[in-house]
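Trainee: Here it is, the structure, as structure tokens.
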Amino acid sequence: MFIGHYAPAAMGAGTGRIKLWQAFVGAQLVDYAWAGLILAGVEKGRVTPGFTEASALDLYHMPYTHSLGMAIIWALGAALIFGFMFRKQAKAGAIIFGLVVLSHWFMDLIVHVPDLPLWFGTDKYGFGLWNHRIVSFSFEVGIFILAMWYYLKNTAAKSKAGRIWPIALIALMVTVQYIGNFGSPPNSIKEVGITSWFIYTLFAGLAFMVDRSRITR
Ligand SMILES: [Zn+2]
């Protein structure tokens with residue numbers, strides 16, 4: 001899953017307990033780690049054009065970042081670190097951040113083919129929405145926009161910029177989703193790792209601009 005991961009993030013930020021940029025980092029935290037482990041050759045995948053309609057990624061080994069058990073550990077660790085780093089946001093902020101991190105696995109479960117284990121070496125799960133390109137694209141864009149609407153409803157623009165940044169962010173993200181689902185497949189899995197780092201950081205940076213231009217209602 002790609003921009004659909006940002007739906008739980010926007011919901012979390014809509015509570016006013018965590019910033020949008022923090023939630024954006026949290027939603028993709030395990031994918032940041034996944035990209036690193038793919039580049040290091042610890043987790044494994046390959047680009048197989050036509051693997052599913054919406055994604056060419058055959059992700060056959062990723063227990064450290066994409067098993068349910070490890071997702072829980074990542075979420076707990078992330079909540080603890082968040083609590084230390086952002087004391088002002090109190091326990092509620094840390095809990096919501098942890099839940100956003102945990103949401104990654106469950107959101108992936110909807111679109112991935114069965115490549116998500118519960119733990120190392122167990123059976124793998126995935127409902128396979130990626131087999132239906134138009135359905136999965138509409139689903140991801142739909143839940144993302146709904147969640148962003150919730151976030152925008154719970155915050156107010158400080159000035160004109162507070163209305164422009166969210167529109168720019170949403171437009172860019174939907175465009176990148178479109179390219180991902182309908183464009184030509186990537187050249188290699190390592191390229192996917194590097195591109196992921198770049199794109200996730202770009203999105204978080206733009207989310208930071210949204211944070212700066214809006215206040216919680
Ligand atoms: Zn993932």
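Coordinate-derived values only; no laboratory data. Owing to the predicted nature of the structure, the values given are computational and were not obtained by experimental measurement. Reconstructed Cβ throughout: ideal geometry from the backbone, glycine too, with neighbour counts over all protein chains shown.
Trainee: Using Cβ counts within 10 Å as a stand-in for footprinting exposure, how do 104, 61 rank, fewest first?
Mentor: Numbers: 104 25, 61 14.
Arranged by neighbour count, lowest to highest, 104, 61 become 61, 104.
Trainee: In addition: Can you work out the Karplus-derived ³J(HN,Hα) for every residue in the range 15-25? Use 6.51 cos²θ - 1.76 cosθ + 1.60 with θ = phi - 60°, whole Hz, and x for glycine or proline.
Mentor: 6, x, 8, 10, 6, 4, 5, 5, 4, 5, 5
Trainee: Could you tell me the calculated FRET efficiency between residue 146 and residue 168, based on Cβ-Cβ distance and R0 = 22 angstrom, to the nearest 0.05?
Mentor: Calculated value: 0.70.
Trainee: Report, in deg cm²/dmol and to the nearest 500, the calculated mean residue ellipticity at 222 nm for the chain, where each DSSP H run with n ≥ 4 adds -39500 (n - 2.57) and the sum is divided by the residue count. Spell out each step's value before the answer.
Mentor: On the way: 9 runs with 141 residues, N = 217.
Mean residue ellipticity at 222 nm (helix-derived): -21500 deg cm²/dmol.
Trainee: May I pose another question? What angle do you read, to the nearest 10 degrees and between 0 and 90, between the alpha-carbon axis of helix 133-153 and the longest principal axis of the chain?
Mentor: 20
Trainee: Sorted from largest down, give the three principal axis spans of the alpha carbons of the range 3-216, whole angstrom values.
Mentor: Principal-axis extents of the Cα atoms in the range 3-216, largest first: 46, 35, 27 Å.
Trainee: Between residue 15 and residue 39, what length comes free when the chain is fully extended (0.36 nm per residue of separation minus the Cα-Cα distance, one decimal in nm)?
Mentor: Gain in length upon complete extension: 5.1 nm.
Trainee: Could you tell me the extents of the range 67-118's C-alpha atoms along the three principal axes, largest first, rounded to whole Å?
Mentor: Cα spread of the range 67-118 along its principal axes, largest to smallest: 40, 16, 11 Å.
Trainee: Of 91/153; 88/160; 44/91; 124/190, which sit over 26 Å apart, Cα to Cα?
Mentor: With Cα atoms farther than 26 Å apart: 88/160; 44/91.
Trainee: Put +1 on the Cβ of every Lys and Arg and -1 on every Asp and Glu Cβ in the chain; which of 67, 96, 57 then has its Cα farthest towards the positive end of the dipole?
Mentor: 96
Trainee: Also, I was wondering about something else. So what is the relative contact order of the chain, in percent, for Cα pairs below 8 Å that sit 6 or more residues apart?
Mentor: For the chain, the relative contact order is 32 percent.
Trainee: Here is a follow-up. Kindly put 140, 191, 43, 53 in sequence by how many other C-beta atoms sit within 10 Å of each C-beta, fewest to most. Could you put the intermediate results ahead of the total?
Mentor: Values: 140 27, 191 11, 43 22, 53 17.
Fewest-to-most Cβ neighbours within 10 Å comes out as 191, 53, 43, 140.
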